[in-house]
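Visitor: Let me give you the structure first, and then I'll get to my questions.
The values are calculated or read from the model by the stated rules, or taken from the named source; none is laboratory data. Keep in mind it's a predicted model, so treat the numbers as computed, not measured. Don't worry about glycine lacking a Cβ; one is built from the backbone with ideal geometry, like all the others, and counts go over all protein chains shown.
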Amino acid sequence: MGVFRNILVFIFLFSFACSYSQSIDAIKKKNEKTEKEIAYLNKLLENARNDRSATVQKVTIINQKIVKGKEMIESLTNEVRYIESQINENEVIKSGLESDKQRMLDFYSKMVYETWKKRNESDKLIYIFSSSSFAEAYARYKYFEQVQDYSKRQIQLIEQTNDSLTVINNQLNKLMAQKSATQSKITSQNNQLIKEQNEANKSISDLKKKEKELLRKLNIEIKNRERFKKELEKLIAAQTKKSGSKNSTYKLTPEEKLISDDFAKNKGKLPWPVEQGFVSEKFGVNVHPVFKQVKLDNAGITITTSRNADVRAVFKGVVTEIMFIPGDNNVVIVRHGNYLTVYSNLVEIFIKKGDTVNVKQKIGRLAVSSGNNSTLNFQVWKDKDNLNPQLWLTPW
């Protein structure tokens, strides 16, 4: 049983090292990614705090930090659970090894005692030579030889078991230390979440003191969004008609057909139009983060990013329009066959109408919004259909 268990321990330790390393690495990579996202949000929040007036952007960033903080806690909790499962497995192995060791020690002590009683060499010789035949004498001689060999093997097994126990105990100590460190991180993250929630509540309270003025601005924004969407629909209809189409589908040239097909094949794989940021307002109808009675319809997604961040094309295409829209600054529209991507709130333009742009080519720079950061409204259209851009972009 001892030999078999030691073999099992070796196999367990080897597989444990591999699986534990892979699982913990995956968790740690996820944690590192979330930590980087939180660090970036901290930079955005610091900019927003520098704007002494209460801003919705500040609330939005804090809310995103709370979301990421909860993700971090969930991931750390999973790490603790995984470590606990490994501790339990090690404890089971340790218990079995200790039982085996005790049985071997008990048996070995009995064997040593019996050997001690026959310790006199002459007793062994008398016992051997008192045999009734040569075969019996030889058998008695082999018996003493086997007892000696078995005794050596028992000592080796006990030593191997001790070595296995040492390894298991060392691993247990490391796992316990990792568990303690991770639990400390969870406590720290929970405390941080409480602080952020309090800050968000204070900002919301400050904003509600200016409710009348902010609601007036929101109504203007809602009207601007509706106006912009109608302007965009007219523009798309005009471009479709100009292509020679007799219906609502843009008539493609052979080259445009290839680009359009490539664009469609890359759904879910397109690069983001800015290098860093987070989706502060999703596609479709959104409840306002402060004034819950207000609903905002977003024809695209709004991405909050660093102030004056560069905007880049998400796919190769042709710049078909550059225009100024009140409330959205400059807007660039790029055609990719019968698909269009729309980039709003640019304060500086790097390209001109008719230019061919490539993937990740910089097309402009964003204006600074209230809150000392920048926001980009990004839209995707297919002919006259408004699509959810987040489904087209690679997971961030």
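Visitor: Hey, among the residues in the range 61-82 that are under 30 Å from Asn372 (Cβ atoms), under 15 Å from the mean Cα position of the chain (by Cα) and among the aliphatic types (A, V, I, L, M), which one's surrounded by the most Cβ atoms within 10 Å (Cβ to Cβ)?
Guide: Met72
Visitor: Quickly run through the range 287-301 and pick out the residues that are touching a Lys or Arg at 6+ places or on another chain (Cβ under 9 Å) and not in a loop (DSSP other than H, G, I, E, B).
Guide: Within the range 287-301, Val287, Leu296, Asp297, Asn298, Ile301 qualify.
Visitor: Right, something else. Is it the case that the range 344-364 has a residue that's of a type in the set (D, E, K, R) and in contact with an Asp or Glu (Cβ under 7 Å, 6 or more places away or on another chain)?
Guide: yes
Visitor: Right, here's the next one. Among the listed residues Phe283, Phe315, Phe263, which satisfies the condition of being surrounded by 19 or more Cβ atoms within 10 Å (Cβ to Cβ), farther than 30 Å from Val368 by Cβ and touching a strand residue (DSSP E or B) at 6+ places or on another chain (Cβ under 6 Å)?
Guide: From the options Phe283, Phe315, Phe263, the qualifying one is Phe263.
Visitor: Same structure again: Cβ contacts < 7 Å: first residue touching a residue at least 12 places away in the same chain (Cβ under 8 Å), restricted to the range 373-394; second residue part of a loop (DSSP other than H, G, I, E, B) and of a type in the set (Ser, Thr, Tyr), any location; separation 6+ or different chain. Result?
Guide: Close Cβ pairs satisfying both conditions: Asn373/Ser306; Ser374/Ser306; Thr375/Ser369; Asp383/Ser248; Asp383/Thr249; Asp383/Tyr250; Lys384/Ser248.
Visitor: Still on this structure, please answer the following. What residue, of Ile204, Ile220, is exposed (fewer than 14 other Cβ atoms within 10 Å of the Cβ), in a helix (DSSP H, G or I) and in contact (Cβ under 8 Å) with a residue 40 or more places away in the chain?
Guide: The match here is Ile220.
Visitor: Within the range 103-119, is even one residue in a helix (DSSP H, G or I), modelled with pLDDT of 80 or more, surrounded by fewer than 16 Cβ atoms within 10 Å (Cβ to Cβ) and not polar (S, T, N, Q)?
Guide: No, the range 103-119 contains no residue that is in a helix (DSSP H, G or I), modelled with pLDDT of 80 or more, surrounded by fewer than 16 Cβ atoms within 10 Å (Cβ to Cβ) and not polar (S, T, N, Q).
Visitor: Still on this structure: Which of the residues spanning the range 335-385 are out of contact with any strand residue (DSSP E or B) (no Cβ under 7 Å at 6 or more places or on another chain) and either β-branched (Val, Ile, Thr) or under 16 Å from Asn298 (Cβ atoms) (or both)?
Guide: Val359, Asp385, listed by residue number.
Visitor: Kindly indicate whether any position in the range 268-286 is part of a helix (DSSP H, G or I) and touching a residue at least 40 places away in the same chain (Cβ under 8 Å).
Guide: no
Visitor: Is there a residue in the range 384-394 that is touching a helix residue (DSSP H, G or I) at 6+ places or on another chain (Cβ under 6 Å) and aliphatic (A, V, I, L, M)?
Guide: Within the range 384-394 (the criterion being touching a helix residue (DSSP H, G or I) at 6+ places or on another chain (Cβ under 6 Å) and aliphatic (A, V, I, L, M)), the answer is no, since none of the residues qualifies.
Visitor: Before we move on, is Ile93 surrounded by 20 or more Cβ atoms within 10 Å (Cβ to Cβ), of a type in the set (A, V, I, L, M, F, W, C) and in a helix (DSSP H, G or I)?
Guide: yes
Visitor: Give me a count of the residues in the range 340-353 that are of a type in the set (Phe, Trp, Tyr) and surrounded by fewer than 24 Cβ atoms within 10 Å (Cβ to Cβ).
Guide: 1
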